[in-house]
Amino acid sequence: MSAIESDTVPPAAPRVALLARPGRARDQLRDALLGAGAQIALEDDPNALAPEALSAASPQAVLVALEPAIEDALVQLDAVLCDPALTVIYDDAELATSRDGWDAQRWARHLAAKLYGHRDVLPPGLEIEAPQPEPGRPQAPAEVSDDTVDRHLQEAAGQAAALPEDTGFQFDPTSIEQDEEADQASAAFSIDAERWTPPEQPERLALVDDFSAPADAVSAQADAIEAPPAQLRAEPTQAAAPPALPSFAHLSLVEDFEIVAPARREPMAAPVLPPGLDHLNFELEAIEAEPVGDAAQEAAGAKVAGAVLLYAGIGGPDAVRRVLAGLPADFTLPVLVQLRLDGGRYDNLARQMERASPLPVLLAKPGMAARAGYVYVVPDQVAAAAQDGVVVFGEGASDVTGLLDALPPARTAVLLLSGAGVECAEPALMLAARGALVGGQSLQGCYDWTAAKALEQGGGETATPEALAQRIVDALGG
């Protein structure tokens, strides 16, 4: 039997809140929830969701697509997510985007198991019937009776006569007599281990220079051994004295050479500079120049109404570089770049854009105002708004609809590039109806064309980044 009985009433569909930023990961998670039969009670971006709105949706479970851009928002929603009665499921946004085929189906089965509270994660038709335990002690195995063993022995004895004989191992009675004779012969040379004592060994001769054998031993040997011929006799020669060892009395642990310390030199005097240059101070300059600061920004450029807004995301850095490279160095409007980054390294993005842009590139900070002839990279935590048509920056998240409504259409251009949020398409079309220049990146060569396709379906035009930059120059001037 599987974990879900076929003849039981199916459980009610759970109410699930999907918290994810717009994009492919959010679409993948939505399809997985609908495939599991869940009811989507709420679907929203955590950065724009209030805790009260999440509580009012009364979800039974929450599915969150984790990424660095929503970490601060999850802290604000922590009071609701910590409810013990709420099932919270976290998934990595990057992994959700890359899942496909069998991997996506397997993850959907695990998601359904978590939502419905069962353990059936196998594909249909592969359920394993687990053995059901029974009460009581297990049955003991049957004992083997002696009658059964006797029957097998009688059968073996009846078949033994029909088996072939092996003559190589027949018994020979004479072999016993031969073994007894060998034992008697070996017993004559046997050694009693208890009574055996080792033979006496001659004492080791002393290590002396002159050695002479005892007189008794010399006379005994003279009787038994014939004296050698006279020509073979040789008078014993006196042993040569060993060479004298070298004396080490003159050795010492004190070094016998003199250590000469180098003479200390006076510091070299600085060279005398030519007349009129003695006030200069030489310092090393940093390899990477810092972006232009607020003081330099306030000193140059003027506050003007209108702006060029570039919205992008995944695959957008290349499109943004191509648009900026097509703008002239004397462009008279500020350019805002709102590009979503998962890592949040907008300072690196500003340096990359500055290499391709003829206009100076700044990192937008709260309290700054956009000025003509500058490119501003707007991070996620910085909000862009318009006051009397002039773009100013503050803290928080940008309101795209409010920003576009407050800008003058005749001096404003909006481009939706690769990875731009689909929520930007409708405000951009409304601004285009009032006379603004609005365009999207063409689908060919665009990595994420969701927003550009929505703009095209609403009547907007799409083109390559180079063509879009040329349209901005033609419509708004250099």
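The values are calculated or read from the model by the stated rules, or taken from the named source; none is laboratory data. Quick caveat, the model's predicted, so the values are computed rather than measured. Neighbour counts run over all protein chains shown; Cβ positions are idealised from the backbone, glycine included.
Among the listed residues 445, 419, 396, 435, identify the single one that is out of contact with any Leu (no Cβ under 7 Å at 6 or more places or on another chain), on the phi > 0 side of the Ramachandran plot and buried (at least 20 other Cβ atoms within 10 Å of the Cβ). Outline the logic, then answer.
Numbers: 445 fails: buried (at least 20 other Cβ atoms within 10 Å of the Cβ); 396 fails: buried (at least 20 other Cβ atoms within 10 Å of the Cβ); 435 fails: buried (at least 20 other Cβ atoms within 10 Å of the Cβ).
Matching residue, one of 445, 419, 396, 435: 419.
So which residues in region 58-112 are buried (at least 17 other Cβ atoms within 10 Å of the Cβ) and assigned to a loop (DSSP other than H, G, I, E, B)?
Answer for region 58-112, where residues must be buried (at least 17 other Cβ atoms within 10 Å of the Cβ) and assigned to a loop (DSSP other than H, G, I, E, B): 59, 60, 67, 77, 99.
Which condition does residue 359 not pass, out of (1) closer than 27 Å to residue 467 by Cβ; (2) without any contact (Cβ under 8 Å) to a residue 24 or more places away in the chain; (3) aliphatic (A, V, I, L, M), if it passes all the others?
Every listed condition holds for residue 359 apart from (2).
Which count do you get for residues in region 24-40 that are buried (at least 20 other Cβ atoms within 10 Å of the Cβ) and outside any helix (DSSP H, G or I)?
Selection size over region 24-40: 1.
When you look at residue 441, is it of a type in the set (S, T, N, Q), within 40 Å of the chain's Cα centre (by Cα) and modelled with pLDDT of 90 or more, yes or no?
yes
Please work out if residue 413 is in contact with a helix residue (DSSP H, G or I) (Cβ under 7 Å, 6 or more places away or on another chain) and not charged (D, E, K, R).
Judged against the criteria, residue 413 is a match.
When both residues are 6+ apart or on different chains and their Cβ atoms are under 8 Å apart, which pairs have a first residue that lies in region 325-337 and is at negative phi, and a second that is in a loop (DSSP other than H, G, I, E, B) and of a type in the set (S, T, N, Q)?
These pairs meet every condition: 325/357; 327/357.
For region 399-408, what are the residues that are surrounded by fewer than 19 Cβ atoms within 10 Å (Cβ to Cβ) and within 28 Å of residue 446 (Cβ to Cβ)?
Passing the criteria: 399, 401, 402, 405.
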